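Taken together, the values in this text are just the output of simple stated rules run on the coordinates, not laboratory data. Every value quoted in this text rests on a predicted model; they were computed, and no experiment measured them. All Cβ positions, glycine included, derive from the backbone under ideal geometry; neighbour counts span all protein chains shown.
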Amino acid sequence: MLRTLKDLFDSFAAPAAGTAADSEHQLQLATAVLLIEVMRADPDIGDAERAAAMAALRGKFALADDEIERLMELATTAAREAYDYQRFTARLNRAFDAERKAHMIELMWQVAYADGHLHAHEAHVMRKVADLLYIPHADYITAKLRARDAMGPESQT
């Protein structure tokens, strides 16, 4: 486990060389870490948020359930050890266009609203990540409203 974590952090510190599979794995991990960070911002992490994060990863990447579980484990460890979001958002900024980044923010909002309540810390993480991804405020609000409306009337907080 320690070796895996060291390899993970080395891959973020290393230049963008390597195979396409390595690059894809790093994108998957960066995406998962940001979803985990939204979950961790809520003091009452529930099954609904975890299920929403897994559904987001399943929808974004063609991964089997066991691969998603492993990715969530790695992302949870990386999120606990990370001192900022920059290393993860920088990877997404290099790989994603504006539309894909806006979709990423919408997925994060879906996780934030999964329990039917938006905690202030979740909103703070969302704003911080959106700024690091250079998401225009209008796109940020559109993604928020789309995710909130998809959750139904009980999530209107």
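Please find the FRET efficiency linking residue 138 to residue 76, where r is the Cβ-Cβ separation and R0 is fixed at 30 Å, and quote it to the nearest 0.05.
With a Förster radius of 30 Å, E is 0.40.
Which of rounded, prolate, oblate describes the stretch 21-138, given a ≥ b ≥ c as roots of the alpha-carbon gyration tensor eigenvalues and a/c under 1.5 marking rounded, otherwise prolate only if a/b is larger than b/c?
Cα axes put the stretch 21-138 in the rounded bin.
Calculate the FRET efficiency for residue 58 and residue 97 from the Cβ-Cβ distance with a Förster distance of 25 Å, rounded to the nearest 0.05.
My answer for the efficiency is 0.70.
Calculate, in nm to one decimal, what residue 145 and residue 67 gain on full extension: separation in residues at 0.36 nm each, minus their alpha carbon distance.
25.0 nm
Just rank 63, 35, fewest to most, by other beta-carbon atoms within 10 angstrom.
Fewest to most other Cβ atoms nearby, the residues stand as 63, 35.
Would you list 89, 19, 76 from fewest to most Cβ contacts within 10 Å?
Result, fewest neighbours first: 19, 76, 89.
Tell me the net charge near residue 43. Cut-off is 12 Å between Cβ atoms, residue 43 excluded, with +1 for each Lys or Arg and -1 for each Asp or Glu.
Cβ neighbours under 12 Å give a net charge of -4.
Arranged by the count of other C-beta atoms within 10 angstrom, fewest first, what order do 128, 144 take?
Exposure proxy ranking, most exposed first: 128, 144.
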